[in-house]
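The values are calculated or read from the model by the stated rules, or taken from the named source; none is laboratory data. A quick note: this is a predicted structure, and the numbers were derived from the prediction, not measured. Note that we place each Cβ from the backbone using ideal geometry, even for glycine, and neighbour counts take in every protein chain shown.
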Amino acid sequence: MKKLFLTLFLGIQFACSWAQSAPTPYGALPSVSQLNWHEMEMYCIIHFGVDTYTDKEWGFGDEDPAIVNPKGFDASQIVAAAKAGGFKGVVVVAKHHDGLCIWPTKTTEHNITKTSWRGGKGDMLKEYQEACNRLGMQLGLYCSPWDRNSAFYGTSEYVNIYREQLRELYTNYGKLFISWHDGANGGDGYYGGNRESRKIDRTTYYGWPTTWGITRKLQPTATIFGDVGPDVRWVGNEEGHAGETSWATYTPEAPDSGQIPANGYVKSELGVEGTRNGKFWMPAECDVSLRPGWFYHASQNAQVKSPYTLMDLYYKSVGRGANLDLGLSPNREGLLDPEDVAALKGFGDLLRKTFAVNLAKGALLQASNVRAGGAGKFGPALLMDADRYSYWSTDDGITTPTLTLNLKGVKSFNVIRLRENIKLGQRIEAFEVEAFLDNRWQKIAAATSIGANRLIRLPQTVTARRVRLRIIKSPVCIALSDFGLYKEPVHLAPPIISRDKHGLVSVSTLAPVSALYYTKNGSIPTLKSYAYKQEFPFPQGGVIRAIAVEGGKISELAVQTFDVSKSKWTLMPDTTGVHPTYAIDENAKTFWSSLSPDTTKAFQQASVSIDLHQRTMIHSFNYLPRQDKKILGIVDLYTFSISDDGINFKEVASGEFSNITANPIAQVIRLKSPVQARYIRFTGRRSVKGNGITLAEIGISSIAEKP
């Protein structure tokens, strides 16, 4: 009898022990610092320096620091604007490729003490640190590995200098959440007066294991971002979106595969999607700027992303398990422009309104399976609490469960949110969501990966009393931590502003509205502005702003900047290549090309020469690279020339289009002084890849812009 009792007792003990066990973790897992990074979801990266004053994206390294004098600089204004947008931290660019350090470093004379700001006594990083502390924001720092100013770049001495800069940054500015390393390394530069091109092997030159070791020692709770990690990887584009399928795990690829490659080798398509069952937990960061460029350019004042554009990027980055890193560009006064501040606040308000109420709360939850151990530990009710790591789980053999929600009354929603407990890995590979409509279950959404976040923005609002989640595929039992139904506020989409090749502007909408109003001088339209009736001529270019009105609601603002109309332009005979007229057809989807099909041929520069048919005032010109996601023929070194007779041309601008490979936006070059000319010529002196050049559009502006 005693033996039987002992057997039963031990059996019960074993069963209880088994019943209380959590699921076995699956695959690579996040570190504590990576969990903090995931929980942040969004942060901003701040670019300010000599490029703010030279109107460039990358400085050459020969800029005089004295030009930097942001008399109104207020770190709190910038950080507070980011916080109002719902962002949890900021990454400050402490040194960009031009080499100017915006803190009083001992490693180089090329630093903030040589600027005109505060008599050389200021420290921008310290002020950002203090602002973050006051506002409850986390701080990260970016220090470019490439330095176009340093005479030592390319030698072992520079690596020592760079490492010492990191020690200063990671010792003197408090706790950091991220150490951010750019992938741009080596090329043309000033290099202490030696104007030349210096190439390095970025997989070995910086000695990344040792260099990253500085971060690990001095900032042990910070993640390290690089093109391929080691903690956070680049998504592979600067457009702010991850793939529809997005895995937080990743196996980097490099010429010498077998180890984690150093900063700089990433396949864009893998960066976007990640690697299912990858070797490392290395989630993607989606970086994109609030403006087209990373640094402030007055020419982009009308191109600040709207709140609903930012919301769309949020769904495509955070909503796919990645993080959103939004670029902020303080102006020459050291402040964010009012347009930037308003866009951030509008976005933050929209986020808060959308996710204020989980319409699934209070529902009666019926799970097809709950892991042995009880509903209190693994039940579906845990999906509705505020803990990202409490979770509904199933028994080990159950990988395709269902969850039915009988909602508390009829609910209308257009956003679905799911999260996994990523402490146990990224597990689910496919799921569907159904609603009980017209007396039957109908699929309303489906997706693949979940991970830290999965947001589905439905094409139309669904009104239902019952909703069902079906897990379609998972290699192991699930560990789902969140399920939510939300309602994004109804809004009027902004109008669409376009101009044809004859210089006529039209304002339209995708759905009928009561009225459209617009302005032609860049001011904000009201109900007293021009009422749009028909297309109108706008030959000299400028800024058109428009709103739509319907049912007493006013739409989001639409803004479009136009160059001088090309309706009378013709190409000169010396312009050859394939489809030369595409260079001036006002169609960004087409492009002219001088590329030779014989890929063995060496690069040959090429030009587009244009007869404007009248003398025209030119304040700036712009080059739009091909927009088909390919880089072949994209120009990075250019010359722009003018002529009055079409024979004798005078060069009025030359230089480089920086960062154009990763960010192929319109490159606007403001001339040192305005000129008048009848003929213009654009010459591509080098392309990032290929034996010739490509060009989607060339344009000029007769409008003087504020610097």
Report task. Answer with yes or no whether residue 506 is in contact with a Gly (Cβ under 9 Å, 6 or more places away or on another chain) and either over 30 Å from residue 554 (Cβ atoms) or not assigned by TED's automatic domain parsing to the domain that holds residue 378 (or both). Result -> no
Query raised in the report: Could you say whether any residue in the stretch 515-531 is in the same structural domain as residue 690 (by TED's automatic domain parsing) and either outside any loop (DSSP other than H, G, I, E, B) or in contact with a Pro (Cβ under 6 Å, 6 or more places away or on another chain) (or both)?
Result: no
Requested in this report: Test residue 675 against the criterion of being β-branched (Val, Ile, Thr) and farther than 26 Å from residue 561 by Cα, and give yes or no.
Outcome: no
Report task. Please note which strands (runs of 3 or more DSSP E) are completely contained in the stretch 113-218 and include at least 3 residues that are touching a residue at least 12 places away in the same chain (Cβ under 8 Å), more than 24 Å from residue 330 (Cα to Cα) and of a type in the set (Asp, Glu). Result -> none
Query raised in the report: What is the residue count in the stretch 643-667 for residues that are of a type in the set (A, V, I, L, M), under 20 Å from residue 616 (Cα atoms) and either buried (at least 17 other Cβ atoms within 10 Å of the Cβ) or in contact with a Phe, Trp or Tyr (Cβ under 6 Å, 6 or more places away or on another chain) (or both)?
Result: 2
Requested in this report: Among the residues of the stretch 71-84, count how many are under 21 Å from residue 223 (Cβ atoms) and of a type outside the set (D, E, K, R).
Outcome: 2
Report task. Just give me the residues in the stretch 417-427 being in a loop (DSSP other than H, G, I, E, B) and either of a type in the set (D, E, K, R) or in contact with a strand residue (DSSP E or B) (Cβ under 6 Å, 6 or more places away or on another chain) (or both), in sequence order. Result -> 421, 427
Report task. Scan the stretch 282-320 residue by residue and report those that are more than 14 Å from the chain's Cα centre (by Cα) and within 19 Å of residue 454 (Cα to Cα). Result -> 282, 283, 308
Query raised in the report: Of all residues in the stretch 518-532, which are of a type outside the set (Ser, Thr, Tyr) and either within 20 Å of residue 339 (Cβ to Cβ) or out of contact with any strand residue (DSSP E or B) (no Cβ under 9 Å at 6 or more places or on another chain) (or both)?
Result: 520, 521, 522, 524, 525
Report task. Could you grab the pairs with beta carbons closer than 8 Å, sequence gap of 6+ or different chains, first residue in the stretch 34-57 and in contact (Cβ under 8 Å) with a residue 60 or more places away in the chain and farther than 26 Å from residue 319 by Cα, second one of a type in the set (Lys, Arg) and part of a loop (DSSP other than H, G, I, E, B)? Result -> 52/332; 53/332
**Report entry** Residue satisfying all of: in the stretch 552-589; at positive phi and free of Cβ contacts under 8 Å to residues at least 24 places away in the same chain; surrounded by the most Cβ atoms within 10 Å (Cβ to Cβ) among these
**Finding:** 579
Query - Tally of residues being farther than 23 Å from residue 138 by Cα and either outside the structural domain of residue 62 (by TED's automatic domain parsing) or at pLDDT 95 or above (or both) across the stretch 212-237 - result: 0
Query raised in the report: So which residues in the stretch 591-623 are in a loop (DSSP other than H, G, I, E, B), touching a strand residue (DSSP E or B) at 6+ places or on another chain (Cβ under 9 Å) and either surrounded by fewer than 17 Cβ atoms within 10 Å (Cβ to Cβ) or outside the structural domain of residue 693 (by TED's automatic domain parsing) (or both)?
Result: 605
Query - Which numbered condition residue 400 misses (of (1) of a type in the set (Ser, Thr, Tyr); (2) out of contact with any Phe, Trp or Tyr (no Cβ under 6 Å at 6 or more places or on another chain); (3) part of a strand (DSSP E or B)) - result: (3)
Requested in this report: Would you check which residues across the stretch 25-67 are among the hydrophobic types (A, V, I, L, M, F, W, C) and either within 21 Å of the chain's Cα centre (by Cα) or crowded, with 23+ Cβ neighbours inside 10 Å (or both) and list them?
Outcome: 35, 37, 40, 42, 44, 45, 46, 48, 50, 58
Query raised in the report: Which pairs have Cβ atoms under 7 Å, sit 6 or more apart or on different chains, and link a residue in the stretch 501-520 that is within 11 Å of residue 546 (Cα to Cα) and at pLDDT 95 or above to one that is of a type in the set (Lys, Arg) and part of a strand (DSSP E or B)?
Result: 518/545; 519/545
Query raised in the report: Inside the stretch 671-707, can you point out the residues that are charged (D, E, K, R), surrounded by fewer than 20 Cβ atoms within 10 Å (Cβ to Cβ) and outside any loop (DSSP other than H, G, I, E, B)?
Result: 672, 678, 685, 686
